[in-house]
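The values are calculated or read from the model by the stated rules, or taken from the named source; none is laboratory data. Computed from a predicted structure; not experimentally measured. Note that we place each Cβ from the backbone using ideal geometry, even for glycine, and neighbour counts take in every protein chain shown.
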């Protein structure tokens with residue numbers, strides 16, 4: 001197998017991947033995101049020299065940068081630890097073909113050198129080095145320094161895989177970091193200064209570029225050794241299975257005939273990465289209120305307060321609700337052919353969301369510290385979320401027909417996204433603001449709060465009727481959903 | 001029990017299924033055979049109202065399948081792994097299905113105890129989620145789940161595929177027992193001619209969406225089917 005064939009495989013993997021088959025809107029969005037990132041890095045690379053000159057006028061910019069280089073390395077390392085994984089799973093089909101394990105190992109490692117993270121670093125390093133040359137820095141110093149930086153980027157790349165793979169590396173690095181930060185914090189020994197000096201020595205003595213090169217070779221070799229030993233089906237290519245733990249959820253039985261679905265949803269959230277993270281984020285968003293309430297200016301703008309109230313009590317509603325039938329996408333055809341009336345299915349989702357709004361409201365009670373108006377408005381927003389926003393989210397969710405893999409992380413995950421997710425935001429946040437603002441402008445904040453709450457109560461009173469209508473819509477979209485959820489994208 | 005009239009399913013202009021008339025009486029064990037793309041799964045999906053017919057209809061116990069949901073309480077099925085909930089343990093899944101079909105835990109346990117040898121100690125009490133079971137074991141769990149709640153109609157798509165020989169033989173026993181002793185209408189599709197002829201009292205051959213043979217099983221049936229599928233049959 002030649003390099004060309006490997007590249008060919010890679011090419012097909014990229015262009016035929018699920019990501020690529022996504023709707024045009026998401027493609028454009030992702031494209032813009034990528035362009036934005038590239039642009040931002042380029043911008044930093046171009047202005048970095050001038051900026052350093054301006055902020056540290058008495059020092060040489062390259063010296064300043066060298067002093068701070070260690071922080072960049074640490075940040076990269078931490079980011080990559082969480083975001084970058086060595087892609088070994090897709091080499092399974094190659095194992096039985098006539099390709100030596102030596103080649104496969106090298107291929108996987110070399111490929112990782114071309115990862116998004118590494119390429120991104122180039123976008124600031126190259127322009128910065130060019131500005132250095134333009135400002136009269138000698139090529140004999142800049143070029144080796146550039147090569148050293150590239151080596152460092154790759155060292156970070158490979159070091160990350162080692163840390164990810166073997167706990168011993170993780171603890172070793174963690175230990176070194178803790179000691180270094182400790183020494184620095186208590187002013188015993190300033191590690192960052194030493195590192196800065198080291199990088200400056202590296203810049204001034206081109207011959208020393210050999211050091212990062214040697215380190216790079218070493219980490220590459222360690223990775224090679226590590227990976228080579230793992231190229232067997234049972235060693236690392238097989239995904240780990242976790243031991244199943246059964247929880248006692250009989251307490252949900254008091255909710256009557258929606259109890260089985262409620263139990264199912266709780267297990268769904270608890271046992272799968274994406275819904276679990278969604279819930280976690282909703283709780284995190286509770287703190288979002290601090291951002292609004294601690295700012296006196298914001299406290300005076302009514303619109304902001306309504307935003308905050310809807311957000312805080314409705315975060316789970318919007319995050320979980322917008323993907324409603326999608327959560328069950330992997331077994332939707334079963335749900336549709338089993339003895340389940342659709343209405344009961346939706347009732348249980350509505351019940352779960354209502355429960356979440358109540359819990360989030362209870363958790364937000366401490367915000368009464370910022371004035372009882374805040375508490376009253378949050379209560380009104382909670383009522384509104386239950387009465388109006390919940391049926392509305394369910395209604396718009398009926399447009400969903402994209403499959404979701406429950407085990408994928410929600411970070412930067414556009415799976416399951418469709419027009420529904422874009423449409424939802426306007427009525428979700430805009431409508432309550434309008435409902436609040438009109439009485440607020442006509443009379444005062446108290447009346448406006450009461451009106452908002454009352455609108456919610458009216459929604460709650462008509463809940464049955466609304467859910468009946470929504471059930472009909474879900475029924476009419478059933479075939480499209482079943483077909484859509486079958487597509488593996 | 002199940003009446004199919006003028007049923008057809010078209011994608012764009014391509015007809016994938018076209019059945020003028022098919023009557024399956026109560027308590028019959030019914031086998032559907034055909035090559036890939038013959039329309040077996042399409043027919044079962046129509047029967048479960050997972051896709052919409054282009055024309056015609058299916059009546060399940062006098063309930064129009066694509067208009068009412070009333071066929072659901074007495075019909076159960078296992079089509080593929082998408083009928084399993086991956087993040088549940090097999091026990092949780094069985095109890096969940098039991099809940100849907102009005103069976104309490106004790107009822108479900110009583111049913112499961114009959115399938116100890118079918119499970120072969122690989123399903124219950126394994127502390128594993130369904131998504132982590134092997135394909136064969138997933139299938140076993142799915143098939144048994146389809147038997148929960150005394151359904152009158154059971155639909156199994158390719159039940160023998162992916163199963164080990166011992167389990168295949170046991171499954172044949174289970175299916176025969178359902179149709180002969182309990183009067184359940186069992187619909188089975190398969191690529192394996194031997195298994196279907198062993199199990200089903202009636203076999204229908206589909207080819208490109210059309211019924212080309214409708215046989216009552218007897219000693220000659222297997223031979224006849226083999227000749228048909230080897231393509232050497234004189235027309």
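Just a few scattered comments:
- Any hit, the stretch A:345-352, residues being on the phi < 0 side of the Ramachandran plot and free of Cβ contacts under 8 Å to residues at least 40 places away in the same chain: no
- Single condition residue A:408 does not satisfy, out of (1) surrounded by fewer than 20 Cβ atoms within 10 Å (Cβ to Cβ); (2) in a loop (DSSP other than H, G, I, E, B); (3) at pLDDT 80 or above: (3)
- Criterion: touching a strand residue (DSSP E or B) at 6+ places or on another chain (Cβ under 7 Å) and over 19 Å from residue B:225 (Cα atoms) - qualifying residue of B:175, B:203: B:175
- Unique match (being within 14 Å of chain B (Cβ to nearest Cβ), modelled with pLDDT of 90 or more and not in a loop (DSSP other than H, G, I, E, B)) among A:345, A:331: A:331
- Any helices (runs of 4 or more DSSP H) falling wholly within the stretch A:218-315 and containing at least 3 residues that are under 27 Å from the mean Cα position of the chain (by Cα) and either modelled with pLDDT of 85 or more or surrounded by 12 or more Cβ atoms within 10 Å (Cβ to Cβ) (or both): A:259-271, A:273-284, A:288-293
- So residue A:99, is it surrounded by 14 or more Cβ atoms within 10 Å (Cβ to Cβ) and modelled with pLDDT under 80: yes
- Of the candidates A:376, A:380, the single residue that is crowded, with 22+ Cβ neighbours inside 10 Å and out of contact with any strand residue (DSSP E or B) (no Cβ under 9 Å at 6 or more places or on another chain) is A:380.
- Long-range neighbours under 6 Å by Cβ, at least six apart or interchain, first residue touching a residue at least 40 places away in the same chain (Cβ under 8 Å) within the stretch A:46-57, second surrounded by 13 or more Cβ atoms within 10 Å (Cβ to Cβ): A:46/A:127; A:48/A:128; A:49/A:61; A:49/A:131
- Of the residues making up the stretch B:188-208, not a single one is closer than 25 Å to residue B:87 by Cβ and part of a helix (DSSP H, G or I).
- Residue in the stretch A:191-211 that is surrounded by fewer than 15 Cβ atoms within 10 Å (Cβ to Cβ), part of a loop (DSSP other than H, G, I, E, B), in the same structural domain as residue A:74 (by TED's automatic domain parsing) and at pLDDT below 85 present: no
- For the stretch B:32-53, filtering for residues that are over 14 Å from the mean Cα position of the chain (by Cα) and either within 11 Å of another protein chain (Cβ to nearest Cβ) or farther than 18 Å from residue B:215 by Cβ (or both) leaves 7.
- Residue in the stretch B:52-70 that is part of a helix (DSSP H, G or I), at pLDDT 90 or above and surrounded by 19 or more Cβ atoms within 10 Å (Cβ to Cβ) present: no
- Summed over the stretch A:127-142, the residues that are in contact (Cβ under 8 Å) with a residue 24 or more places away in the chain, surrounded by 15 or more Cβ atoms within 10 Å (Cβ to Cβ) and in a helix (DSSP H, G or I) give a count of 5.
- Residue B:218 being away from chain A (no Cβ under 14 Å), surrounded by fewer than 22 Cβ atoms within 10 Å (Cβ to Cβ), under 16 Å from the mean Cα position of the chain (by Cα) and over 23 Å from residue B:43 (Cβ atoms): no
- Qualifying residue in the stretch B:14-25 (condition: within 30 Å of residue B:228 (Cβ to Cβ), touching a residue at least 60 places away in the same chain (Cβ under 8 Å) and within 14 Å of chain A (Cβ to nearest Cβ)): yes
- Complete set of residues in the stretch A:260-286 that are within 14 Å of chain B (Cβ to nearest Cβ) and over 17 Å from residue A:355 (Cβ atoms): A:271, A:272, A:273, A:274
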